[in-house]
Structure formats: structure tokens, C-alpha cells
Amino acid sequence: MPKQRVLFVCAECGAEHTKWQGQCSACKSWNSLSELKESNGVLLSGPQGELQKAVKLSEVAVKKLPRLSSGQTEFDRVLGGGLVPGSVVLISGNPGAGKSTLLTQVSSFMSETGPVLYVAGEESLAQVAIRASRLGLPVGNLDIVSETSCERLISIWRELTPNVVIVDSVQVMFTENSDSSPGGVNQVRESASMLIHQAKISNTVLILVGHVTKEGSLAGPRTLEHMIDAFISLEGQSDSKFRMLRSIKNRFGPVNELGVFAMTEKGLREVKNPSSIFLSRSPELKSGSVVMVVWEGTRPLLLEIQALVDESVLGQARRVVVGLEQNRLAMLLAILHRHGGLQVADQDVFVNAVGGIRITETSSDLALLASVISSFRNWVLPQDLVIFGEVGLSGEIRPVPNGQERIKEAFKHGFKIAVIPHGNRPSKLIDKSISIIAVRNLSEVIAHLESLSSPN
């Protein structure tokens, strides 16, 4: 019998090492190596477990991928139009975000059109039944099992031949091929590999629930993100009823697509018009408030950004950012000083993206600076003003993608004035009632904001 080979795998990058060492030589992370014993199982030669032959790419039949509806429009949107048979979807989120609630709703709907297997690894069957009863869901056709062994689960899987299998969660699953404890890097890697292989050979949709660490990253090996087809994250603060479902990786649709839900007593409910919940502004006009248009996935969203600039009482001015990047704010403040002539080095700057949404798009640069200028100068900007654009290091205002669609979305919600990059100026007037102000640099922006503002 050949000797079993032992490897040490990095939990951060998945690099393999022949011996243990304190630092991974690939990603330079410390104390991230864990022992992995090579499986004695037979290595399969392809997704079907059969010997695969090379073919010409031109001979491969191209057909439209079939989609299965989850019953949740926002969930289907994030996935690119629905669930693809044979695909593997990983959903993560903080405890209490609503992962199990969402998947219970999805499994209940999909069980009405085909067999669905719900694997409750962390909860008892009674707990899942209580949740389904509380949500008022029809579960007469839903198959459920409380199982943590991959081998026994695959046996049940082959017997039922479901269209969809939901595993909650992948961290509690274990396989006899690994000697480590459930939840460890090796077990998660081996268990996920077995389940993914079964999903591919049976053409079954596999949805895995993954926990996150205190830092917000996916618990377990990073290689798990590379093994699956789609990785989506359910975001939301505990003090807010709104939840954002965001696609981080998707082989069958756009990335960074955003779906919005509201947590209610009857579960997660879709928000058809997300811009309306992010624009619940106070009727009393105040300085430091600006509305911007960001592009999330395939649609525009109107968001309010607030800034408070106040004289610092400490030795060092503070920079506090919620919903945006800290480093981006520091860079924009430097540009504001160099090319706008406004010095805020001795001022505390607080910036907040209203609604709890996380903004990563550079089109928010101009709106962020406008809110800072408004608060610093105590200028009250019009209620029907919308701003978007990227700011370069030399103070120029750069165009952003989908500028025409952003303006149309703002006009649909009643905005009449738009400050946009000159490169995004529409060739045709969208409507006579809307005023387009195209700017080339930061100096022009400040001049226009002053002309539009009123004292607080």
C-alpha cells in the first residue's frame, strides 16, 4: 500500500507546501498553514467520472443556458436571471442576516415545480419546520434531512434525484477522507469538493451556505471561492430592516449586481424600487447632503450621501467614513486642497452613505466632494439636484459609464438639475424641464455649487 502523502495548505490563498512553516511563501500570510492528508480515493478524470477526450472548440454546441426561477425576482437578478442546472452557488453573510430565511423561502417555492432537498446541518428538523410555519410557506413537497456526512448525503441525493440541493451550512459537513474536525480548512475543502462533483455529474443546482469571520471574509479555505460558480453575499446591519444581496463572483451573469430585500415578520420581501428607500430625505434642507447616482450591476440607484465638516478639537483631525473607502476620502480631500483651494486639514470630516449600502464605484467621487464642500461652506444645495462623476488627481472630472441611463433614472424620480462630467453630456436633450450642468474640472464644480446654493 503506498504511503499517504501529507501536504500543508494555506487557508488564505490555497497554496500547497510539503512541510509546515510559519509564513506562507505565496501570499506572505502568517500561521495560515494547516495539515492535509491526501485522499486515497480514485482520481476522477472529468466532471462525469469518465475519460474525457479533447474536441475542437468549433464543434462544441452552443445553446442558451436554461434558468430555474427561485420565486424571488431580486435573487434571480443577482444570479443573472435565475439558477443554472449543474451550477454551484455559495451564499455568505453575518449571523442573523437572513440566509436561512431566504433559502427556506426559495426552497419552498421551487419545491412546487420540482424535487428540492434541504439539508439542515446546523438546525433540527423541528427548527426548520417552525421557521417555515412562521413564514407561512407551503412545504408539502419539500424534502428535508438533517445530515452532516457527505457520504450519507450523497446516497440520499442519488435516491431522490432532486433539481436543487441546499446545504446549510458547508462548515458543518464532513467526509471520511479527511481526518480533521468539521469546520477545519481540510474538511471544508474536501467536503465541498465531493458535493460539487456530485452536483456536476447529476446536473443539480447546489446552494451552499458559508459562514464569515469577524473580519467579514468567508470562513474556511479561500480555494472554496474558486471551486464554485457563483458567490453572493447577504449584507445588512442588525439595526436596519433592509438587506443587500450582492454578487461577488458569477460565471453566468454580471458581478456586483445588487438585490434589495426588507426583513419583515413574514420573511424577506423584495424591494422593487430601491432608490425610493435610499432617498427618504428630510423635508428641511441642510448643508452637507447630496444625491448621487451609482451603477450597481445592471441598474442605476439613487443614493444620498451626507458629510459633516467640523473644527477639530483634538490634536489630529479625524476622518470617519461609513459605506465608502477611507483611503478614497483622504485622496479626494488632498485634491480638494490642491485644485479647489479649500483647506480642511484642521477639520474633522465625517461621511455617511445613507441606507447602509457599501459604495465602491468611483462615480461617487464628485458627489462626495460636493457634500464636503456643502458642509464646509455651509451651502444648502437644491433638493432636486443630483451629482455624479469621477475626480482625477489633477482635478479633472472624468466621465463614467452609463451616463445617459443615470440621468434618466434621476429624472424619473423628479430631479431637475444634474451636475455631470462634460464627457457624459447627452447629445440629445432628455427633457426640457431638466437642466444639465457639464463640468470639466473641480474649479467649475465649486463655482456652480455656489451659484446653486443658498445659505443655511
#### Entry: Cα long-axis angle, helix 125-135 against the chain (0 to 90 degrees, to the nearest 10)
40
#### Entry: Reachable lysines from K200, criterion Cα separation under 30 angstrom, eight or more residues apart if same chain
K37, K53, K56, K63, K64, K99, K249
### Task
Please tell me the relative contact order of the chain in percent, rounded to the nearest whole number, where contacts are Cα pairs under 8 Å and at least six residues apart.
12
### Task
Go through (i) 0.99; (ii) 1.01; (iii) 1.04 and flag the label whose value is the computed Rg/Rh (Cα atoms, Kirkwood Rh) for this structure.
(iii)
## Note on the structure
Helix 442-452 sits off the longest principal axis of the Cα atoms of the chain, rounded to the nearest 10 on a 0 to 90 degree scale, by 70
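Can you give me the orientation-averaged projected area of the convex hull built on the Cα atoms of segment 69-108, in nm²?
Details: hull surface 11.9 nm².
Averaging across all directions leaves 3.0 nm² for the Cα convex hull.
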### Query
Which aspartates and glutamates have a Cα less than 16 Å from the Cα of K286, not counting those fewer than 8 places away in the same chain?
E304, D310, D384, E450
### Query
In degrees, nearest 10, range 0 to 90: what is the angle between the Cα axis of helix 403-412 and the longest Cα principal axis of the chain?
80
### Message
To the nearest 20 Debye, how big is the dipole of the chain about its Cα centre, given +1 on the beta carbon of each Lys and Arg and -1 on that of each Asp and Glu?
### Response
900
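The numbers here are math on the coordinates, done by the rules we state, and not lab data. Computed from a prediction, not measured in an experiment: that's the story for all the values here. We place every Cβ from the backbone using ideal geometry, glycine too, and count neighbours over all the protein chains shown.
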